[in-house]
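The structure appears right after this line, and notes come after that.
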Amino acid sequence: MGMTCLFQTRKCDTPRPFEPPAWACHFNSCDELPYGIDGHRWWQMGYWWVELGGEHHSIHDTEVLRHELLRIAYGVWDHIKNHCPMKKEAENWTLEWIQFLPGKRESRRYIGAHVLTQNDIESEGRFDDIVAYGGWSMDDHNPAGFNSVRIKAPSTIFHPAPSPYGIPFRCLYSRNISNLMFAGRDASCTHAAMSSTRIMGTCCNMGQAAGAAAAMAVEKGILPRDMPPHIDALQQTLLRDDVYIPWLRQRFSPLTNQSRLVASRGNPEPVRDGINRPVGNDLHSWECTAGDHLAYMFPRENIINSAVLILESGLDRNIAMSYHGAYNCQAAIMPDGMPKAFRIEGLINGQWLELARVDRNRRRMMNFRIDRKLAGIRFVLEATYGNAASRVFAFYIE
């Protein structure tokens, strides 16, 4: 797959004419662009299909390709402003920013102890050493990139992939270099598999797994290839950091599992089922409204070192950290159902006393140091950011 130069536009109050540079490409007809007129109706952030490089050396030829991508990008904007049937709609829009460093989809990849394949993805990647996951389709771009329109070929072909599918730790360390780890777009994958794992969220997921594994290897004085006997510990470390790993459950302390769990309403048991987010139709959470409480009650006083909450954070919202789509503005707004104000209380000498209070919560996961002898501990919701109801996905103690 090739590389792309995007652009960003802004709507103004008055018309903004555009005169292209002399070296820009020239496109009179919408049919000269991928997907015809429907492919460039949305122009806020440019187009992924302004792409080249699949037929070139993606490293050595970057500078040459960058110049050509800029010619195309300016030519596409010139088409929208001056030649497209939609040019009246674009009259008040101006080119605000253009990407001068091409975004690369595919380059060198390292060979790991396992090479993730298309077959692995299609069979859900249920590896014993799963540490990350993906869910994007295998998005196989035409090597010709932007020029695929000239040969009347599709710019990409989507091959279905399960969502989610697992990625094993063995893809994140070298087969033959003892101290080398990697994650993201240089991880150990075939071209077809990488066409799905290259997505930024998946790359970040692999990066966190590799970072946690590196820290653990240093702590234990071992090399990455010596980690397999410690995979369970690595997986639990990631789960404790609120990483989602498909088909795995977080294990909690005996005190969490064996104490009596009571709530002012509903069934509280999902907060200790070890799955800390919605999966399919199962919400894995306890629903509450302002004034509701959730408590662990102990048969005798116990020293409680810490209490951890995983709260509603709007995982159902389709948020993008870019201008792609009308929903991006939600990224700056707190989810309506997120707890805004709540407190942690401890049962001491028969009375519930406040141990901690949060008034303007911005976090999904919170770890409270307690270090006190208690007969019980509880979470009390005071307010959300707007919804009547909120959810707690996990509440555990150590």
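At-a-glance table
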quantity	calculated
Which listed residue is within 30 Å of the chain's Cα centre (by Cα) and more than 21 Å from Thr156 (Cβ to Cβ), from Glu91, Glu96, Glu51	Glu96
Residue match in segment 21-38 (condition: closer than 26 Å to Lys104 by Cβ, of a type in the set (Phe, Trp, Tyr), at pLDDT below 95 and in a loop (DSSP other than H, G, I, E, B))	yes
Residue within segment 57-69 that is modelled with pLDDT under 95 and surrounded by 19 or more Cβ atoms within 10 Å (Cβ to Cβ) present	yes
All positions within segment 133-178 that are surrounded by 22 or more Cβ atoms within 10 Å (Cβ to Cβ) and of a type in the set (S, T, N, Q)	Asn142
Some residue of segment 218-230 being farther than 26 Å from Thr384 by Cα, buried (at least 20 other Cβ atoms within 10 Å of the Cβ), more than 25 Å from the chain's Cα centre (by Cα) and among the hydrophobic types (A, V, I, L, M, F, W, C)	yes
Given (1) within 15 Å of Val149 (Cβ to Cβ); (2) touching a residue at least 24 places away in the same chain (Cβ under 8 Å); (3) surrounded by 12 or more Cβ atoms within 10 Å (Cβ to Cβ), number of the condition Gly39 does not satisfy	(2)
Enumerated strands (runs of 3 or more DSSP E) restricted to segment 90-179, each holding at least 1 residues that are more than 30 Å from Pro20 (Cα to Cα) and not assigned by TED's automatic domain parsing to the domain that holds Gly39	130-134, 138-141, 156-159, 165-168
Checklist (1) buried (at least 19 other Cβ atoms within 10 Å of the Cβ); (2) of a type outside the set (Ser, Thr, Tyr); (3) in the same structural domain as Glu382 (by TED's automatic domain parsing); (4) assigned to a loop (DSSP other than H, G, I, E, B) applied to Arg265, failing item	(1)
Subset of segment 189-241 that is hydroxyl-bearing (Ser, Thr, Tyr) and touching a residue at least 40 places away in the same chain (Cβ under 8 Å) - its residue that is nearest to Gln118 (Cα to Cα)	Thr190
All positions within segment 376-398 that are surrounded by fewer than 17 Cβ atoms within 10 Å (Cβ to Cβ), among the small types (Gly, Ala, Ser) and assigned to a strand (DSSP E or B)	Ala383, Ala389
Selection within segment 243-252 - within 16 Å of Ile310 (Cα to Cα) and either surrounded by fewer than 16 Cβ atoms within 10 Å (Cβ to Cβ) or touching a Lys or Arg at 6+ places or on another chain (Cβ under 7 Å) (or both)	Tyr244, Arg249, Gln250, Arg251, Phe252
Any hit, segment 325-339, residues being at pLDDT 95 or above and more than 29 Å from the chain's Cα centre (by Cα)	no
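Every residue, every condition in (1) under 30 Å from Gly207 (Cα atoms); (2) free of Cβ contacts under 8 Å to residues at least 40 places away in the same chain, yes or no:
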position	(1), (2)
Arg251	yes, yes
Ser259	no, no
Ser264	no, yes
Asp273	yes, yes
Leu283	yes, no
Thr289	no, no
Asp292	no, no
Tyr296	no, no
Ser313	yes, no
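The values are calculated or read from the model by the stated rules, or taken from the named source; none is laboratory data. Source: prediction; values computed, not measured. Neighbour counts are summed over all protein chains in view; Cβ atoms, including those assigned to glycine, are modelled from backbone coordinates with ideal geometry.
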